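Take a look at the structure below.
The values are calculated or read from the model by the stated rules, or taken from the named source; none is laboratory data. These numbers were taken from a predicted model, which means no experiment stands behind them. Neighbour counts run over all protein chains shown; Cβ positions are idealised from the backbone, glycine included. Remember, those area values only see protein heavy atoms, side chains included, never the ligands or the DNA or RNA. Shrake-Rupley method; radii C 1.70, N 1.55, O 1.52, S 1.80 Å.
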Amino acid sequence: MKKMMTALAAFTLVAGATACSETADTEAASTEAGSIAGEWKADIESASFENDNRDWVLADGQYQCNSCLPPYGFAADGQWQTVDRPGTDSQMIEVVDERTVKFSSRFKGEDTGSSTMTISEDGQTATVEWTDLSGDTPVNGKSTFTRTAAGPEGSHAMSGKWTTANIDSIDEAGLKFTFALDGDTLSNSGNGSSWTATLGGEPVAIEGDNSGTMVAVEKTGDNSYRETYSRDGETLSVTELTVEGDKLKGVSTDSRDGSKVTWTATRQ
């Protein structure tokens, strides 16, 4: 269901929540123009998407996510089903009515999130209202998708191909994140997850992340950095970060399907 939570996914590669306490030197650096150190808040209005293709089918009591990486499916009978997904081992789909479905996820018996998808009467717009419970603070959000292709004949209205039209809202806890820079060590923290990596060093585990994702960081310019995310040795995505005064620009590219999210954040 990670692909479905587009609004959150747009920023999870660098985002977090509250600032952690740092040394006096780091705090001073956070106010210096051009430094990545400090607290940031992602601007949802700035998010734009490229090659953003979703392909879902709900038919004959079965849900299939063809655009998930890798594709997978399970019974859509309103009961918890065992799945093998990073950070998720159980999922459930409830068909509320002919235009509405509810998704829920768990990991090791704990609820990690849910979303409700509602299809417009003309069938061309999907609205997803979601809650992410995986961090210290629950994060709610809302996203809108536009249909690009119809689903199979006789399938549920949610079936078909879609692309992100808009991020309507995300709670503040899901938008704020902090960077700390100490020599050649860069740290990131927010809403229950954090990491500390040596610039140009080996990938490190992301604390608080149940998916097994790791991150490696390198400095690519005076005010630019590259984060490379991987799992089991496979590169998942790359985020290019550029500091422009009190603005941080991010370009996050999924290495597996070429989808891209471009966004900005503002120094707090």
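Looking only at residues that are of a type in the set (A, V, I, L, M, F, W, C), in a strand (DSSP E or B) and more than 15 Å from the chain's Cα centre (by Cα) in the range 152-199, which one is modelled with the lowest pLDDT?
Taking the candidates together, the pick is 165.
Name the one entry in 87, 113, 78 that is open to solvent by less than 30 Å² (accessible area, probe 1.4 Å), closer than 20 Å to residue 231 by Cα and in contact (Cβ under 8 Å) with a residue 12 or more places away in the chain.
Being open to solvent by less than 30 Å² (accessible area, probe 1.4 Å), closer than 20 Å to residue 231 by Cα and in contact (Cβ under 8 Å) with a residue 12 or more places away in the chain holds for just one of 87, 113, 78, which is 87.
For the range 50-59, give me each residue that is open to solvent by less than 50 Å² (accessible area, probe 1.4 Å), within 24 Å of residue 258 (Cβ to Cβ) and either touching a Pro at 6+ places or on another chain (Cβ under 9 Å) or assigned to a strand (DSSP E or B) (or both). Spell out how you get there, then give the answer.
Within the range 50-59, the first condition is being open to solvent by less than 50 Å² (accessible area, probe 1.4 Å), and the residues that meet it are 52, 54-59.
Cutting the leftovers down to within 24 Å of residue 258 (Cβ to Cβ) gives us 52, 54-57.
Answer for the range 50-59, where residues must be open to solvent by less than 50 Å² (accessible area, probe 1.4 Å), within 24 Å of residue 258 (Cβ to Cβ) and either touching a Pro at 6+ places or on another chain (Cβ under 9 Å) or assigned to a strand (DSSP E or B) (or both): 54, 55, 56, 57.
Whether any residue in the range 95-106 is surrounded by fewer than 16 Cβ atoms within 10 Å (Cβ to Cβ), of a type in the set (Ser, Thr, Tyr) and free of Cβ contacts under 8 Å to residues at least 24 places away in the same chain is what I want to check.
no
Select from the range 209-230 the residues that are in contact (Cβ under 8 Å) with a residue 40 or more places away in the chain and surrounded by 14 or more Cβ atoms within 10 Å (Cβ to Cβ) and write down the one among them that is nearest to residue 246 (Cα to Cα). Quick ask: steps written out before the conclusion?
Taking the range 209-230 as the starting set, the residues that turn out to be in contact (Cβ under 8 Å) with a residue 40 or more places away in the chain are 209-213, 222-223, 225, 227, 229.
Okay, now just the ones that are also surrounded by 14 or more Cβ atoms within 10 Å (Cβ to Cβ), so 209-211, 213, 223, 225, 227, 229.
On the way: 209: 28, 210: 32, 211: 32, 213: 29, 223: 12, 225: 16, 227: 20, 229: 25 Å.
Once the filter is applied, the top-ranked residue is 223.
Could you please let me know if residue 176 is touching a residue at least 60 places away in the same chain (Cβ under 8 Å) and among the basic types (Lys, Arg)? Give the derivation first.
Details: touching a residue at least 60 places away in the same chain (Cβ under 8 Å): yes; among the basic types (Lys, Arg): yes.
So residue 176 fits the description; yes.
Of everything in the range 168-208 that's out of contact with any Lys or Arg (no Cβ under 6 Å at 6 or more places or on another chain) and among the charged types (D, E, K, R), which residue is least open to solvent (accessible area, probe 1.4 Å)? Steps first, answer last, please.
Filtering the range 168-208 for residues out of contact with any Lys or Arg (no Cβ under 6 Å at 6 or more places or on another chain) gives 170-174, 177-198, 200-208.
Adding the requirement that they be among the charged types (D, E, K, R) leaves 171-172, 182, 184, 202, 207.
Details: 171: 56, 172: 96, 182: 111, 184: 87, 202: 147, 207: 116 Å².
Taking the candidates together, the pick is 171.
From the list 146, 137, 196, 164, exactly one residue is under 17 Å from residue 250 (Cβ atoms) and among the hydroxyl-bearing types (Ser, Thr, Tyr). Which is it?
Details: 146 fails: under 17 Å from residue 250 (Cβ atoms); 137 fails: under 17 Å from residue 250 (Cβ atoms); 196 fails: under 17 Å from residue 250 (Cβ atoms).
Testing whether each residue is under 17 Å from residue 250 (Cβ atoms) and among the hydroxyl-bearing types (Ser, Thr, Tyr) leaves just 164.
How many of the residues in the range 60-75 are surrounded by fewer than 20 Cβ atoms within 10 Å (Cβ to Cβ) and part of a strand (DSSP E or B)?
6
State which residue pairs qualify: first residue under 19 Å from residue 209 (Cα atoms) and open to solvent by 50 Å² or more (accessible area, probe 1.4 Å) and inside the range 122-143, second residue part of a loop (DSSP other than H, G, I, E, B) and of a type in the set (S, T, N, Q) in any location, beta carbons under 9 Å apart, and separation of 6 or more residues or different chains.
Within 9 Å, the pairs are 134/191; 134/210; 136/18; 136/191; 137/18; 137/191.
Yes or no: residue 209 at pLDDT below 95 and either more than 27 Å from residue 107 (Cα to Cα) or among the acidic types (Asp, Glu) (or both)? Full working, then the answer.
Numbers: at pLDDT below 95: yes; either more than 27 Å from residue 107 (Cα to Cα) or among the acidic types (Asp, Glu) (or both): yes.
It is true that residue 209 is at pLDDT below 95 and either more than 27 Å from residue 107 (Cα to Cα) or among the acidic types (Asp, Glu) (or both).
Against the definition (under 17 Å from the mean Cα position of the chain (by Cα), modelled with pLDDT under 95 and either part of a loop (DSSP other than H, G, I, E, B) or among the polar types (S, T, N, Q) (or both)), how does residue 134 come out, yes or no?
Considered against the rule, which asks whether it is under 17 Å from the mean Cα position of the chain (by Cα), modelled with pLDDT under 95 and either part of a loop (DSSP other than H, G, I, E, B) or among the polar types (S, T, N, Q) (or both), residue 134 comes out as yes.
Filter the range 217-238 for residues that are under 20 Å from residue 196 (Cβ atoms) and either aromatic (Phe, Trp, Tyr) or under 21 Å from the mean Cα position of the chain (by Cα) (or both) and give the result.
217, 225, 226, 227, 228, 229, 230, 231, 236, 237, 238 - these are the residues of the range 217-238 that are under 20 Å from residue 196 (Cβ atoms) and either aromatic (Phe, Trp, Tyr) or under 21 Å from the mean Cα position of the chain (by Cα) (or both).
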